[in-house]
Amino acid sequence: MSKRNIQPYLIRVDLPAELRATDQNFADVRDKYVEAVEWYTAEKDAKSRMSKALRAASIVLAVVGGAVPLLAAVMGSVDSAIGYIFLALAAGVQVLDRYFGYSSAWARYAEAALKLNGVLLEYQLEYARSLAVHASDEEKWKVIEAYSRDLVRIVNDETQVWHTLFTDIANNADYLNEGAPPERA
C-alpha cells in the first residue's frame, strides 16, 4: 500500500504487561478495524484503476468519434459514419463501468475506509481513556462491544448499498432481456 493512500489511524495504547481478557479483546477488535481499512483501501485502489481506465477509454473514443466527421469533411476519403461507431463504443464503455460498478464501488470503498478509520481512532482514544482512569473490566467491555457493533454496522451498511446497486443493475439487465420494465420493491 502506498504512503499516499488511506492508512489505519493507530495510536499508542499502553496495555498492561500482563494482558487481561478485555485488553486482548480490545487488541483483537482493533486488528479487525485495521484489516477492514486495509481491505477497503486495496479494493478501492483496484476499482479506481479500472474506473480511470474505462473513463479514459470513453473520452478517447468520444473524441475520435467527434473528430471523424471533421476529418471526413476535410479529407473526403474517410466515411463520417465511422464516427458513430466510436461514439457508440464510448457509450458502451460507460455502460460497462455502470454495469460492473467500478466508479461507484471506488467511491463507496473510499467512504467506508475513511469511516472505519475515524471510528478506529475514536475507539482507541476511548479505550486509552478507560485505561487512564482505571475503568473496570465491565466498563472496558462496554467500549469494546460498542465499537465491535460499529464495525459490523459500517461493513453491513456498505454491503447493503452494494446489494441494492447490484439488484437494480440485475433487474435492469433482466428488463433488457425480457422487454418488461422491472418491478420496484
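Read-outs: derived from the displayed coordinates by stated rules, not from any lab. A quick note: this is a predicted structure, and the numbers were derived from the prediction, not measured. All Cβ positions, even for glycine, are placed from backbone atoms using ideal geometry, and neighbour counts span all protein chains on display.
Within the same chain, lysines fewer than 8 places from K32 are excluded, and of the rest, those with a Cα less than 19 Å from its Cα are K44, K115, K140, K142.
Among 35-42, 93-100, what's the highest-first ranking by average C-beta atoms within 10 angstrom per residue?
On the way: 35-42: 18.9, 93-100: 15.5.
The packing order, highest mean first, is 35-42, 93-100.
The relative contact order of region 7-159, computed from alpha carbon pairs under 8 Å that lie at least 6 residues apart in sequence, is 35 percent.
What share of Cα pairs, in percent, lie more than 12 angstrom apart in region 48-107?
On the way: 1143 of 1770 pairs.
Counting every Cα pair in region 48-107, those more than 12 Å apart make up 65 percent.
Sorted ascending by nearby beta carbons within 10 Å, beginning with the fewest, S77, S104 become S77, S104. The calculated FRET efficiency for the pair V95 and A73, based on their C-beta separation and a Förster distance of 30 Å, comes to about 0.55.
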